[in-house]
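Colleague: Before anything else, here's the structure in question.
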Amino acid sequence: MTHDWTRRGFLGVAGAAAAGAMTATAAAQEAAKPQAGKIKIVAMACSLRAGKSTAASLAMCLEAAKAVKPDAIETELIDLATMSIPAEPAAGVPLKPGQQDDFPALASKLSDPAVRAIIIGTPSYFSNMSSLCKALLERCMVFRKNDFSLGNKVGGVLAIGGSRSGGGQELAIQSVLAALMSQNMLVAGEAKPLCHGGASVWNSGDDFLQDEMNQATIKSLGQRVAEVALLVPAK
Ligand SMILES: Cc1cc2nc3c(=O)[nH]c(=O)nc-3n(C[C@H](O)[C@H](O)[C@H](O)COP(=O)(O)O)c2cc1C
């Protein structure tokens, strides 16, 4: 069954608790809507630490994406460390009394047809995605149940770890890509001539964004995600 995925329809599914959150964020969401004719690329940082290396890498990635066609692309970076994304509702387990849940508002934003691509950034934690990234992907069950409403959006993945090799970035990338493919999304990796599955970044210290290999993989992912997003017709 296809659900009504308008804001009102979403609220009907998510319930009164979500309605409060939606009202509070409605103005911000209206303001965040892309201008007519532009596509939007959203990146989500899934580190537990706000504004750190994952978010900084995604900012560079989005800059490269926008550079592909500046007049046609808008970008937005969402730092999930500043939000509460409990995993329990994905499995039908109710929130605790008073527990904050920012996912309904986020889901509404992601399902906007203007959002043509989504880039997930995760730190490598024990050679895989962070718990926050996993919680986000589990909550995305609602999109599958809503007739795959993320379908044909482009997905890209960036993973960053403290080790240059053997840190698990590639495993994290593959794990996230598998979840995005479960949403019927189109996945994109690095652009030519790299063409690997995603951006694998080494957090070597404060100046890690100066590292030539880091820059190459981060910018290449942004470029390719934008290239593919521009190929996808509007829904
Ligand atoms: C719980 C935990 C587990 C980690 N496990 C790994 C790992 O397996 N491989 C790795 O390369 N780095 C690992 N790291 C280091 C982080 O991936 C790295 O510092 C990353 O840049 C953190 O992202 P952030 O700066 O956005 O928080 C781990 C860090 C934490 C806190």
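Colleague: Cut-off 14 Å, label point 7 angstrom out along Cα-to-Cβ of H196: give me the residues of segment 125-158 whose amide nitrogen falls inside.
Modeller: Backbone N within reach: 157-158.
Colleague: Mind checking the dipole of segment 99-180: about its Cα centre, +1 per Lys or Arg Cβ, -1 per Asp or Glu Cβ, Debye to the nearest 20?
Modeller: 120
Colleague: In the structure displayed, which of K66/K235; K40/K66; K38/K235; K109/K153; K109/K219 lie more than 18 Å apart, Cα to Cα?
Modeller: Working: K66/K235 21 Å; K40/K66 9 Å; K38/K235 13 Å; K109/K153 13 Å; K109/K219 24 Å.
Flagged as over cut-off: K66/K235; K109/K219.
Colleague: Amide H to amide H, which residues 5 or more places from I119 or on other chains are under 5 Å from it, using H placed in the peptide plane?
Modeller: Residues meeting the criterion, in which the H sits 1.01 Å from N, are V42, A43, M44, G156.
Colleague: When a footprinting reagent is the concern and you count Cβ atoms within 10 Å, what order do R224, R139 take, fewest first? Spell out each step's value before the answer.
Modeller: Values: R224 25, R139 20.
Lowest count first: R139, R224.
Colleague: Quick check: pseudo-label points 7 Å beyond the Cα along Cα→Cβ at E138 and Q100, how many nm apart are they?
Modeller: The answer from the label model is 2.0 nm.
Colleague: Quick one: R116, R164, fewest Cβ neighbours within 10 Å first, how do they rank?
Modeller: Ascending number of Cβ neighbours within 10 Å: R164, R116.
Colleague: Each residue of segment 102-112 in order: what ³J(HN,Hα) in whole Hz does its phi give by Karplus 6.51 cos²θ - 1.76 cosθ + 1.60, θ = phi - 60°, with x for Gly and Pro?
Modeller: The phi angles translate into 8, 5, x, 5, 5, 4, 4, 5, 5, 7, 4 Hz.
Colleague: Spin-label point model (7 Å from Cα, Cβ direction): what's the R49 to M181 distance in nm?
Modeller: Distance between label points: 3.2 nm.
Colleague: Residue by residue through segment 200-205, what is 3J(HN,Hα) from phi via Karplus (6.51 cos²θ - 1.76 cosθ + 1.60, θ = phi - 60°)? Round to whole Hz and write x for glycine and proline.
Modeller: Taking θ as phi minus 60°, the curve returns 10, 10, 10, 7, 8, x Hz for segment 200-205.
Colleague: Neighbouring Cβ atoms within 10 Å as the yardstick, rank E76, E212 fewest first.
Modeller: Sorted ascending by nearby Cβ count, the order is E212, E76.
Laboratory data are not the source of any read-out in this text; all were calculated from the coordinates shown. Please read all numbers here as calculations on a predicted model, not as lab measurements. Glycine gets a Cβ as well: all are built from the backbone with ideal geometry, and neighbour counts include every protein chain shown.
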